[in-house]
Amino acid sequence: MSARAGWPLYEVFVRGKRGLNHVHVGSLHAPDDEMAVHAARDVYTRRNEGVSIWVVRADAITASSPDEKDPMFAPSGDKVYRHPTFYEIPADVPHI
Amino acid sequence: MSATALDSPDVDVDPGLQEQFDATIAAERRIEPRDWMPEGYRRTLVRQIAQHAHSEIIGMQPEGDWLLRAPSLRRKAVLLAKVQDEAGHGMYLYSAAETLGADRADLTDRLIDGRQKYSSIFNYPTLTFADVGVIGWLVDGAAICNQVPLCRSSYGPYARAMVRVCKEESFHQRQGYELLLTMMRGTPEQRAMVQDAVDRWWWPSLMMFGPPDTDSPNSAQSMAWGIKRHSNDELRQRFVDMTVPQAAFLGVTLPDPDLALDPSTGRYRFGAIDWEELKRVISGAGPCNAERIARRRAARDDNAWVTEAAIAYARKHEARS
Amino acid sequence: MHEETVYDALDTTHGGGGQWAFGTGFDDPLAGVELTVPDGVDPADLGAYCLMLGDDALVLAQRLTEWITAAPELEEEVAFGNTALDLLGQARLLLTRAGSVGVLGRSRSTATDSIPDEDALACFRDPDEFRCTGLVAAGNGDFAQTMVRLLAASTVRLAVFARLRASRDPVLAAVAAKGVHELAYHRDHAARWVLRLGDGTPESHRRAQAGVDAVWPHLADLFTATDVEARLAAAGVAVDPAGVGDEVHDVLTTVLTRATLRVPGRPADVVPRGRTGGHGPELSALLTTLQGLARRHPAATW
């Protein structure tokens, strides 16, 4: 690690346009929440990609760890009925 | 880091984890940050991504030298947007490295101390404004050849960063080529500037693809891991084939008397590359190595008080709230 | 690919080169705007006023660009780039407007016809023909002084542009309407930094205070109208700078006080210097860099 005290890491989420979820786009370093929003605007929406930004300190995120992956995600792995392609729909039904 | 350290097998690893990792790679699926991965894979990635990030950041300087002197306001705006993109790309890449447990400030220290490398191309000076165009055309063109396959890198955060970088870089090459077209339609001095810049940047651009495959120690492992998708020589050949017709359209001569179309393969043969020069430039003897690093060091050291002040402010206001 | 949705806006097929022409926005702010000079307005006055506002933006953009590759953190490199691009976009519109109403100074004595008006004005005018204020022409100093100056300059410009949206000149009104959003962001960004530096460490406080003390004297000649501004203000085209002085000082006092910085006394208003072509050596040095290449090739297009 560097001897210098750096700014903490923030994860950045951007809503690309109305109607979409916020999507994780990357991270940045900022001294605090306010500056993180500013930096996210400057770095991740340079080409007008976003209508809304969330930032959260990376150390505030709780994640499922890899060891837990199977028990946590396996139960839904067989519930194919949650997925739209499970349902066979005739091709000539419009707008589905 | 030595090649043997990379190649040594991880000790005391649950064979199930290694199998799962190998299966993921074999199935062309992505490795994600919290997955188990071999230590050599992690270290190779950190080294490669950091080197890539450093190249973006150092790469701001050769063109940045012309930001204040751009001969038209449109060119100034385009160049500013481009150099700014490079800062952004460096950030995306450092972000990807940080998902592997690296720390950006530490990586920056390694760059400044000379413990990590960056692309040697940025150690050449930009002597005229035509260099801005040629960097866009040749250097960014070569970078795109290298980078597009990395959008399919086996490491998810790196691949996603590269998707974004490649999309944004499409304008970099176009602005460079457009500038050169404009200059070639301009005054005799402008045309001479373009040819001179092409003469100086052509060979260094070919060196950007790295040493020949016969002399590239870590390539095989990186290919097996899906960190690298094509060999150095393969990408270099692709770049030459793409660029020769563009040079003809532009009306410039590429400085290689051996450059010729091989009718049997439809590809261009080109002359021998001076690898000794590449070694000199990589090892720090390039025209601008010291200057490039000095500027990064100054940015870090002269402004450390700013970084510290913002942290102090955040602590005070956290304590008050 | 799910993440692709975020990048839809990057599709290069819609953009072309035009999207880089004006700041960081993609829309031509003058699309559909009436370009004729309003009745009863002297085009020479209108052009001169466009130069005042355009030169301020051009020169400040150049100063901010000096920070590129030298900024404290990569996040600030990008922020400097955005602010400079916004100002450069404003400068280009205003210089183009000045040229279109025939105000080109002596630039055309050297710049050939192939050079657009905005570049003739930016690169082929002598320092005494520039109409920027000393506030933007002064050197950057350190990061603290740079941010104090950006705070002051964007506060003044935002106050002017907010009123200029009602200008009888449709071009100025359109430039102002776009600019207020940009300037509000610049002011906000600078203010946040001044707060953090003023109320950060003893060293940053000392530097921020020194920055304030260095910038403050440049506020003296901002709030007295030149003859051009007075005539145009009376015609409903320009903003009388005398009318924004109180607002500017209120904003600056609020920010500095919160930043635990001492607010210097308000300098007494003096007659405009920069607005009438009176500049120091710092502007000449800046222009030597900005103009050198273009001037060596007066018949070239880029």
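Percent of Cα-Cα pairs per 20 Å bin, from 0 to the last occupied bin, for chain B, please list those.
That works out to 29, 55, 15, 1, in percent per bin.
Using a/c under 1.5 as the rounded threshold, could you call region B:202-321 rounded, prolate or oblate? The axes a ≥ b ≥ c are square roots of the C-alpha gyration tensor eigenvalues, and prolate needs a/b larger than b/c, oblate otherwise. Display every interim value, and only then the final one.
On the way: a/c = 2.70, a/b = 2.25, b/c = 1.20.
Judged from the Cα gyration tensor, region B:202-321 comes out prolate (a/c at least 1.5, a/b above b/c).
Please name whichever of A:Ala36, A:His22, A:Ala63 sits farthest to the positive end of the charge dipole of region A:3-64, dipole taken about the Cα centre and charges placed at Cβ: Lys and Arg +1, Asp and Glu -1.
In region A:3-64, that residue is A:His22.
Highest mean first, what order results for C:196-202, B:229-235 on Cβ atoms within 10 Å?
C:196-202, B:229-235
Once you've got the GNM for chain B with C-alpha springs shorter than 10 Å, pick whichever of B:Asp140, B:Asp106, B:Asp14 has the biggest mean-square fluctuation.
Top of the fluctuation ranking is B:Asp14.
Could you tell me the distance between the Cα centroids of region C:61-102 and region B:241-269, to the nearest Å?
Taking the Cα centre of region B:241-269 as reference, the centre of region C:61-102 is 40 Å away.
If you add up the charges near C:Ala234, with Lys and Arg at +1 and Asp and Glu at -1, over every other residue whose beta carbon is less than 13 angstrom from its beta carbon, what do you get? Don't skip to the end; give the middle numbers.
Working: positive: C:Arg168, C:Arg231; negative: C:Asp42, C:Asp45, C:Asp227, C:Glu229, C:Asp240.
Charge balance in the 13 Å sphere: -3.
Connecting C-alpha atoms closer than 10 Å in a GNM of chain B, tell me which of B:Glu56, B:Glu32, B:Glu19 has the biggest fluctuation.
B:Glu19
For A:Val56, which sequence-distant residues (separation of 5 or more, or a different chain) have an amide H within less than 5 Å of its own amide H, given hydrogens modelled in the peptide plane?
A:Glu11
In what sequence, highest mean first, do C:83-92, C:166-175 appear when ranked by Cβ atoms within 10 angstrom? Walk me through the intermediate numbers first.
Numbers: C:83-92: 27.1, C:166-175: 21.2.
Descending packing order for the listed peptides: C:83-92, C:166-175.
Can you tell me the dipole magnitude for region B:194-250 around its Cα centre, using point charges on the Cβ only (Lys, Arg +1; Asp, Glu -1), in Debye to the nearest 20?
On the way: 5 positive and 7 negative charges, 43 e Å.
For region B:194-250, the charge dipole is close to 200 debye.
Averaging sequence separations of C-alpha pairs under 8 Å and six or more residues apart, then dividing by the length of chain C, give the relative contact order as a whole percent. Let's see the in-between values first.
Details: 430 pairs, mean separation 66.1, N = 302.
Relative CO of chain C lands at 22 percent.
Regarding region B:24-148, what is the average projected area of its C-alpha convex hull, in nm²? Numbers along the way, then the final one.
On the way: hull surface 35.7 nm².
Its average projected convex-hull area is 8.9 nm².
Per-residue Cβ counts within 10 Å, from other chains only, averaged over B:82-93: what number is that? Before the final figure, lay out the partial values.
Details: counts 2, 5, 13, 4, 5, 14, 11, 0, 3, 12, 6, 1.
Whole-number average of other-chain Cβ neighbours for B:82-93 is 6.
Would you mind telling me which residue in C:Ala285, C:Ala48, C:Ala144 has the biggest mean-square fluctuation in a Gaussian network model of chain C, where springs connect alpha carbons within a distance under 10 angstrom?
Among C:Ala285, C:Ala48, C:Ala144, the largest mean-square fluctuation in the Gaussian network model of chain C belongs to C:Ala285.
What list of ³J(HN,Hα) values in whole Hz, one per residue of region C:180-192 in order, does the Karplus curve 6.51 cos²θ - 1.76 cosθ + 1.60 (θ = phi - 60°) give from phi, with Gly and Pro shown as x?
My calculation for region C:180-192 gives 4, 5, 5, 5, 4, 5, 4, 5, 4, 4, 5, 4, 4 Hz in order.
Normalized C-alpha radius of gyration of chain C, against 2.2 N^0.38 Å? Let's see the in-between values first.
Details: Rg = 19.4 Å, N = 302, 2.2 N^0.38 = 19.3 Å.
The value comes to 1.00.
Quick one: grab the alpha carbon gyration tensor of region A:3-64, order the square roots of its eigenvalues as a ≥ b ≥ c, and give me rounded if a/c is under 1.5, else prolate or oblate depending on whether a/b is larger than b/c. Walk me through the numbers before you get to the answer.
On the way: a/c = 2.71, a/b = 1.50, b/c = 1.80.
Since a/c reaches 1.5 but b/c is at least a/b, the shape of region A:3-64 is classed as oblate.
Can you give the calculated 222 nm mean residue ellipticity of chain C, where each DSSP H run of n ≥ 4 adds -39,500 (n - 2.57) and the sum is split over every residue, rounded to the nearest 500 deg cm²/dmol?
Numbers: 11 runs with 168 residues, N = 302.
Computed mean residue ellipticity for chain C: -18500 deg cm²/dmol.
How crowded by other chains is B:299-305, given as the mean number of beta carbons from other chains within 10 Å of each beta carbon? Walk me through the numbers on the way to the answer.
Numbers: counts 9, 4, 1, 4, 8, 4, 11.
Mean partner-chain Cβ count within 10 Å for B:299-305: 6.
Roughly how big is region A:3-64's charge dipole about its Cα centre, with Cβ charges of +1 (Lys, Arg) and -1 (Asp, Glu), in debye to the nearest 20?
On the way: 8 positive and 7 negative charges, 67 e Å.
For region A:3-64, the charge dipole is close to 320 debye.
Fewest to most neighbouring Cβ within 10 Å: what's the order for C:Trp302, A:Trp54? Provide the component values of the computation, followed by the final result.
Details: C:Trp302 23, A:Trp54 15.
Ranked by crowding around the Cβ, least crowded first: A:Trp54, C:Trp302.
For B:Arg267, what residues show an amide H to amide H distance below 5 Å, using hydrogens built from the backbone and excluding near sequence neighbours?
B:Asp262
Neighbour counts of other C-beta atoms within 10 Å: give me A:Val25, B:Val198, A:Val56 arranged from fewest to most. It would help to have the intermediate numbers written out before the result.
Values: A:Val25 26, B:Val198 23, A:Val56 13.
By the 10 Å Cβ count, ascending: A:Val56, B:Val198, A:Val25.
Looking only at other chains, what is the average number of their beta-carbon atoms within 10 angstrom of each beta-carbon in C:80-89?
Numbers: counts 4, 13, 8, 1, 5, 7, 0, 0, 6, 2.
Rounded to a whole number, the mean comes out at 5.
Over region A:3-64, what relative contact order in percent results from Cα pairs under 8 Å that are six or more residues apart?
Details: 98 pairs, mean separation 25.4, N = 62.
Here the relative contact order equals 41 percent.
Under 16 Å Cα-Cα from B:Lys167, which aspartates and glutamates qualify once same-chain neighbours fewer than 8 residues away are excluded?
Reachable aspartates and glutamates: A:Glu49, B:Glu56, B:Asp85, B:Glu86, B:Asp140, C:Glu3, C:Glu4, C:Asp8, C:Asp11.
May I ask for log10 I(q)/I(0) of the protein assembly as shown at q = 0.05, 0.06, 0.08, 0.09 Å⁻¹, from a Debye sum over the Cα atoms as equal point scatterers with solvent left out?
-0.27, -0.39, -0.69, -0.87
Let me know the charge dipole size of region C:3-296 about its Cα centre in debye, to the nearest 20, where only the beta-carbon of Lys, Arg (+1) and Asp, Glu (-1) is charged.
On the way: 26 positive and 41 negative charges, 170 e Å.
Using Cβ point charges on Lys, Arg, Asp and Glu, region C:3-296 gives about 820 debye.
Using +1 at the Cβ of each Lys and Arg and -1 at the Cβ of each Asp and Glu in chain C, identify which of C:Thr146, C:Gly292, C:His218 lies farthest towards the dipole's positive end.
C:His218
Would you mind ranking B:Lys76, B:Lys167 by Cβ crowding within 10 Å, fewest neighbours first? All intermediate terms of the calculation are to be shown ahead of the outcome.
Working: B:Lys76 28, B:Lys167 17.
Least to most surrounded, the residues fall as B:Lys167, B:Lys76.
Taking the dipole about the Cα centre of the protein assembly as shown, with the C-beta of Lys and Arg at +1 and of Asp and Glu at -1, give me whichever of B:Ile58, B:Phe171, C:Thr253 is farthest to the positive side.
C:Thr253
Throughout, read-outs are computed from the coordinates displayed, never taken from laboratory work. Just so you know, these numbers come straight off a predicted model, no measurement behind them. Virtual Cβ from ideal backbone geometry, glycine too; neighbours counted across all protein chains shown.
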